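The values are calculated or read from the model by the stated rules, or taken from the named source; none is laboratory data. Only a predicted model underlies this, so the values are computations on that prediction, with no experimental measurement involved. Every residue, glycine as well, gets a Cβ built from its backbone with ideal geometry; the counts of neighbours run over all protein chains shown.
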Amino acid sequence: MSDNKVTYAQLLETNNLIQQNADETYWLCATRTVQESKIFPVSAYILFSYLNCFYRYPSLLKKIEASMSAEEIGDRARHAGIKIVAWTIPCFYLLGREMLINWGVIKPTDAVEDVIYVMDFWKRFQLSWHRNNGNITNRQADHRGQILPEQKLQVFHADAFECREGDALHTAAQAFLATIAQYGFLVSCESRLTIHNHGPYKIADNREMLVRDFRELAEYDYPWLDGVGRDIPYNNLTVTMIIEGCHINLLDDWGSFESEPELKAEHIVAVGLYTADNLSEGHLPVGMGSKEELIATFDDLTARIKDATAKLWAEMSGWTRDQQLDAGALVYFGVGKEFAHIAGVYDKDDWLLIDERAERFRPLLNDEYGNLFLGELVGFISCPSQRMHEYTMMMHTGQPRRALSYFPYSLLNDGDYTASVGGMAPGVTNLPAKNDRYRTTQGVLSEAEYNRRSREFVPKACQAPYRFLCGDWVKYHYDTPLADELFGFEQANSRLLEGKGAGLSRADVEALRDKN
């Protein structure tokens, strides 16, 4: 056991966070997706990733937090965007724990301090990232993901170009969205982990805005994009999409959405395009000088992404099963690596290797076992560790089951527990070595230079005195010079709002759109 005493309060809160994730794990996995592929061993690589998460996340998150707190990372991520981490960080980690408990490798009283720390880091990041809505997850907000502050939403609203089905902009935007979605799906080994949505944001009584993020498009962390993504000039692209006559009634913690009626091309009535990363002053407009420029930009990016997709298919078609297994596992495991980029402590050997402790289980993860065990673990919730006494009724099913195991409070009496899995262990990979090239908003950088700039750069909105000027402060101080400065950071690159300050209402923004 550890020399540090685990407290009752820590166990109570950790078990509560485990249960929140357990309920959402089942709901997401049973109702929102199908995990299968004709190419990749998806179930097997998902399970492989869970093991890597369990063995590596505690050390990696502590390394990150030695440079930057979880709360500050949340502020930076809200400012510049991040791919979906709300559900993935804790549940990938906790499902790795659940696998090992079922296999008899560990007990529910092992790695106690690791789990407490990982869940606490995640909670603090989520509260910061969600600070504009006061929740930890989209689930707590009735499955809405309203992350962004008013000053950014006003710019997205103001500058979006109107379009209608059949016109040149609408056609170009639709072709781009279809192409980039297919590419992102392939980049992430036939998963959706490079695509994220948030919102909806209310634009008018019959209009809402959905913000769609497409990340890791160019040469960045994944070695399989070296060369393949060289001609894509942006690593991240954000599409702002205003829809009419259609309500986004669900946006879950995977970033996927449902609508009433079903969202179709005819509902899209305005679009915008931006790029952002942890080195940019917020979202930078891409091709937004005029409608004609945006059409040409969409067309150009669509052609580049189609070319990259063909190259990526050619590369992946030659992969062995072990390479497919590694790549898929590293995509899932790597959902937390953007934290390391934000903090300026990214090391490819931290995030592109399979930990030797996880590697031990590779022979077990054939396709048949992977499919069956993943189904038991996250679909049927029928593994031995997940079964409860017969008086229990699980959320959503009413069955006597629990998706994720608690810590038994008896460890406070007997002290019979282990604190940690230990520090970082060596890792292996069957994939080619990563080239030292990272596409950013400040150009293509080496890993060392990217880390240096990340450590030194602080976006203006995250500096004092602006960092803690939230929407509730703006409500009472919108007519002050300080509020104008805060809004001015987002408006600096806006076509319609530059220099307008903090006093605009949504109706004022719409009037400016009508005028222009």
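Things worth noting here:
- Scanning the range 133-155 for residues that are within 30 Å of D514 (Cβ to Cβ) and outside any strand (DSSP E or B) yields N133, R144, Q146, I147, L148, P149, E150, Q151, K152, L153, Q154, V155.
Each row is one residue, and each column tells you yes or no for (1) aromatic (F, W, Y); (2) surrounded by 19 or more Cβ atoms within 10 Å (Cβ to Cβ); (3) farther than 18 Å from Y369 by Cα; (4) at pLDDT 90 or above.
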| residue | (1), (2), (3), (4) |
| --- | --- |
| V6 | no, yes, yes, yes |
| E13 | no, no, yes, yes |
| F40 | yes, yes, no, yes |
| S43 | no, yes, no, yes |
| S49 | no, yes, no, yes |
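- Tally, over the range 60-84, of residues that are part of a loop (DSSP other than H, G, I, E, B), surrounded by fewer than 23 Cβ atoms within 10 Å (Cβ to Cβ) and touching a helix residue (DSSP H, G or I) at 6+ places or on another chain (Cβ under 6 Å): 2
- In the set (1) surrounded by 22 or more Cβ atoms within 10 Å (Cβ to Cβ); (2) under 30 Å from V42 (Cβ atoms), Q174 fails one condition alone, (1).
- Scan of the range 204-229 for residues that are without any contact (Cβ under 8 Å) to a residue 60 or more places away in the chain and surrounded by fewer than 19 Cβ atoms within 10 Å (Cβ to Cβ), ordered by number: D205, N206
- Taking first residues from the range 53-66 that are closer than 13 Å to V421 by Cβ and in contact (Cβ under 8 Å) with a residue 24 or more places away in the chain and partners that are polar (S, T, N, Q) and surrounded by fewer than 24 Cβ atoms within 10 Å (Cβ to Cβ), the Cβ contacts under 7 Å between residues at least 6 apart in sequence or on separate chains come to P58/S420.
- Residues located in the range 308-350, provided they are part of a loop (DSSP other than H, G, I, E, B) and within 23 Å of L51 (Cα to Cα): W319, T320, V345, Y346, D347
- Residue match in the range 242-251 (condition: farther than 16 Å from L148 by Cα and part of a loop (DSSP other than H, G, I, E, B)): yes
- For the residues A218, A178, A173, A158, the requirement of being over 15 Å from the mean Cα position of the chain (by Cα), in a loop (DSSP other than H, G, I, E, B), assigned by TED's automatic domain parsing to the domain that holds R506 and not polar (S, T, N, Q) singles out A218.
- Condition met for S505 (free of Cβ contacts under 8 Å to residues at least 60 places away in the same chain, surrounded by fewer than 16 Cβ atoms within 10 Å (Cβ to Cβ), closer than 20 Å to Y222 by Cα and outside the structural domain of S67 (by TED's automatic domain parsing)): no
- From D484, D479, residue being surrounded by fewer than 14 Cβ atoms within 10 Å (Cβ to Cβ) and either on the phi < 0 side of the Ramachandran plot or modelled with pLDDT under 95 (or both): D479
- Per the listing I101, I89, the residue uniquely within 19 Å of A403 (Cβ to Cβ), among the hydrophobic types (A, V, I, L, M, F, W, C) and surrounded by fewer than 23 Cβ atoms within 10 Å (Cβ to Cβ) is I101.
- Of the criteria (1) surrounded by 17 or more Cβ atoms within 10 Å (Cβ to Cβ); (2) at pLDDT below 95, which one E258 fails: (1)
- Filter result (touching a strand residue (DSSP E or B) at 6+ places or on another chain (Cβ under 7 Å) and either surrounded by fewer than 17 Cβ atoms within 10 Å (Cβ to Cβ) or closer than 18 Å to V211 by Cα (or both)) within the range 308-327: none
- Residue satisfying condition, being touching a strand residue (DSSP E or B) at 6+ places or on another chain (Cβ under 7 Å), surrounded by fewer than 17 Cβ atoms within 10 Å (Cβ to Cβ) and assigned by TED's automatic domain parsing to the domain that holds N21, within set P384, P400: P400
- Residues that are within 23 Å of the chain's Cα centre (by Cα) and more than 30 Å from G74 (Cβ to Cβ) are absent from the range 329-337.
- Within the range 399-428, residues that are in contact (Cβ under 8 Å) with a residue 12 or more places away in the chain have Cβ atoms under 6 Å from residues that are among the acidic types (D, E) and part of a loop (DSSP other than H, G, I, E, B) in these pairs: P400/E390; T418/D110, counting only partners at least 6 apart in sequence or on another chain.
- Against the list (1) surrounded by 18 or more Cβ atoms within 10 Å (Cβ to Cβ); (2) under 30 Å from I305 (Cα atoms); (3) basic (K, R), the condition R164 fails is (1).
- Across the range 181-195, the number of residues qualifying as modelled with pLDDT under 95 and either part of a strand (DSSP E or B) or polar (S, T, N, Q) (or both) comes to 3.
- Test result for R164, under 22 Å from D299 (Cβ atoms), assigned to a strand (DSSP E or B) and among the basic types (K, R): no
- Single match in R495, R467, R453 (criterion: of a type outside the set (S, T, N, Q), part of a loop (DSSP other than H, G, I, E, B), in contact (Cβ under 8 Å) with a residue 12 or more places away in the chain and touching a Ser or Thr at 6+ places or on another chain (Cβ under 9 Å)): R495
- Filter result for the condition that a residue is of a type in the set (A, V, I, L, M), surrounded by 19 or more Cβ atoms within 10 Å (Cβ to Cβ) and under 30 Å from V118 (Cα atoms), over I342, I305, I295: I342
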